[in-house]
Amino acid sequence: MAVEQRQTDRAARSTPYPVIATACLVLAAATGWSTMLLVVLGRVVPGWAVSAVLLSLSLVLARALAGRHRSAVDRTAPWWAPLPRFVRGLLTAAAALGSTLGVLDDLGADYHVLRPTGPHGCTAVVRETSFLFAGSGEVYAVGPTGFAWRSSASWTTDDGYRPIAAGTYELSWGRDDGNLTVHGSTTDPVFTGGPHTIGCR
């Protein structure tokens, strides 16, 4: 019986799933508080959504592995967790809070994948928001990997005007990078409208 238990523990320690579960949890906490975004098949996935998926995957793996391989002798220290329990709790809370705040911050936001695509597969993605009498926009340079970790430039507008949605912008590409210029209307100006440089390198 002891030999079988040692073999089970040895197999448990050698599986990569504990590391995967922990890595997903760490990444969930990091992306939940970041401004990153992901473009998949032409659709934008905000950082809070990436964080929620990673957190869910981590919790599913953790629960499945703990229920299957937990030691009968020491049930207070699941074998699958390389991190102490309180650290896992903090990371889980951070990821959940970051995702929740991200959802709230994204209420009413619109994402636009601009065409054409630039050199080296570089794509301009714009996030537009408005609240009461003010609006804002951010442009991200998304490379071939589909990830953008932070915005390249931003602007503000009057009266909640959204220039990308209204089509009052100009996008041009050079050999290495691009330029985005946003314009306001006759009654709703755009502040710091560009041109904004977009480069994925």
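Exactly one residue out of LEU97, LEU90, LEU114, LEU101 is at pLDDT below 90 and of a type outside the set (Lys, Arg): that is LEU90. Taken over region 175-199, the criterion of being part of a strand (DSSP E or B) and open to solvent by 40 Å² or more (accessible area, probe 1.4 Å) is satisfied by ASN179, PHE191, THR197. Among residues of region 178-201 that are closer than 16 Å to SER151 by Cα, those with a beta-carbon under 9 Å from a residue that is among the charged types (D, E, K, R) and surrounded by 15 or more Cβ atoms within 10 Å (Cβ to Cβ) at least six positions away or on a different chain give the pairs THR197/ASP177; ILE198/ASP177; GLY199/ASP177; CYS200/ASP177; ARG201/ASP177.
Could we say that SER99 is over 21 Å from GLY42 (Cα atoms), touching a residue at least 24 places away in the same chain (Cβ under 8 Å) and not β-branched (Val, Ile, Thr) here? In short, yes.
In this structure, SER172 does satisfy being open to solvent by 60 Å² or more (accessible area, probe 1.4 Å), of a type outside the set (A, V, I, L, M, F, W, C) and touching a Pro at 6+ places or on another chain (Cβ under 9 Å).
For region 137-148, the set of residues classified as at pLDDT 90 or above and either β-branched (Val, Ile, Thr) or closer than 14 Å to PHE191 by Cα (or both) consists of GLY137, GLU138, VAL139, VAL142, listed by residue number. Counting the residues of region 157-169 that are without any contact (Cβ under 8 Å) to a residue 40 or more places away in the chain, in a loop (DSSP other than H, G, I, E, B) and crowded, with 16+ Cβ neighbours inside 10 Å gives 3.
Per the listing GLY135, GLY146, GLY121, the residue uniquely open to solvent by 20 Å² or more (accessible area, probe 1.4 Å) and touching a residue at least 24 places away in the same chain (Cβ under 8 Å) is GLY121.
The values are calculated or read from the model by the stated rules, or taken from the named source; none is laboratory data. Since the structure is predicted, the reported quantities are computational estimates derived from the model, not experimental observations. Quick reminder, even Gly has a Cβ in these numbers, built from the backbone with ideal geometry, and neighbours come from all protein chains shown. Accessible surface is based on the protein model in full, side chains and every heavy atom, while ligands, DNA and RNA are left aside. Shrake-Rupley method; radii C 1.70, N 1.55, O 1.52, S 1.80 Å.
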